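Novice: Below you'll find the structure I mean.
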Amino acid sequence: MKHIYQKGTDAAAPVLVLFHGTGGTERDLLPLASVISPTSSVLSVRGNVLENGMPRFFRRLAEGIFDEEDLIFRTKEVYDFLDQAAVEHGFDRQNVVAVGYSNGANIAGSLLFHYPDALRGAILHHPMVPRRGVQLPELSGTLIFIGAGKNDPICSPQETEELTALLGEAGAAVHVHWEQAGHQLTRSEVDAAAAWYKTNF
Ligand code: MLT
């Protein structure tokens, strides 16, 4: 997959894997990595799907309605890519924390829904429930930050609560941060994610 890898100064720090929102690129979330963990290595990935020219991580049928077959296929593609990237760039595959926004948070969420060992932790900015009616893997020890907006028209507060419950039932430790905002990623949400990261990693 098209990506940027930036080697950090602290080899023991988690590797941050960045997943942009719809229409973004692998450059978009690089500033977030500097705020969250300036010494970490960073792997920033571009989604392989194009929707009217806009990169995404999986296909959707309409706003909020995911192409489930493609979601499963693309989730495995990203999972396999992380395995390959760890070998290619020489980082610890077990020490990966995802940072995703919107569609990028949804592919990170889907990694958590399908694989017990995909991520050590995840910062999910405005995620949705990637799939329903499936058994999640055992996620004990997985640390998750969810940033959500009380007025988000794409990810409703109810959906955020549903996702939090599903991940919690699978054993993950989930922290939810609410903004009085919509779907946008605010500076205060990024700062809250950075503060959460610093107390957990
Ligand atoms: C998605 O398709 O993943 C969500 O609707 C968020 C987005 O608009 O990208």
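What follows draws every value from the coordinates through simple rules; no lab data is involved. It should be emphasised that the depicted structure is a prediction, and the values quoted were computed from it without experimental measurement. Cβ coordinates were reconstructed from backbone atoms using ideal geometry, including for glycine residues, and neighbour counts include every protein chain displayed.
Novice: Could you grab the pairs with beta carbons closer than 9 Å, sequence gap of 6+ or different chains, first residue in segment 126-138 and of a type in the set (A, V, I, L, M), second one away from the ligand (no atom under 15 Å from the Cβ) and part of a loop (DSSP other than H, G, I, E, B)?
Specialist: The qualifying pairs are 136/116; 136/170; 136/171; 136/172.
Quick grid of which residues meet (1) surrounded by 24 or more Cβ atoms within 10 Å (Cβ to Cβ); (2) of a type in the set (A, V, I, L, M):
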{"residue": "100", "(1), (2)": "yes, no"}
{"residue": "105", "(1), (2)": "yes, yes"}
{"residue": "109", "(1), (2)": "yes, no"}
{"residue": "131", "(1), (2)": "no, no"}
{"residue": "136", "(1), (2)": "no, yes"}
{"residue": "147", "(1), (2)": "yes, no"}
{"residue": "154", "(1), (2)": "no, yes"}
{"residue": "167", "(1), (2)": "yes, yes"}
{"residue": "188", "(1), (2)": "no, no"}
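Novice: Among the listed residues 137, 116, identify the single one that is more than 16 Å from residue 64 (Cβ to Cβ) and touching an Asp or Glu at 6+ places or on another chain (Cβ under 6 Å).
Specialist: Testing whether each residue is more than 16 Å from residue 64 (Cβ to Cβ) and touching an Asp or Glu at 6+ places or on another chain (Cβ under 6 Å) leaves just 116.
Novice: Return the residues of segment 1-25 that are more than 16 Å from the ligand (Cβ to nearest atom) and either in a loop (DSSP other than H, G, I, E, B) or among the basic types (Lys, Arg) (or both); say none if nothing qualifies.
Specialist: Listed by number, the residues that qualify are 1, 2, 7, 8, 9, 10, 11, 12, 13, 14.
Novice: So, of the residues in segment 26-54 that are more than 18 Å from residue 82 (Cβ to Cβ) and part of a strand (DSSP E or B), which turns out to be farthest from the ligand (Cβ to nearest atom)?
Specialist: Applying the filter and picking the extreme gives 50.
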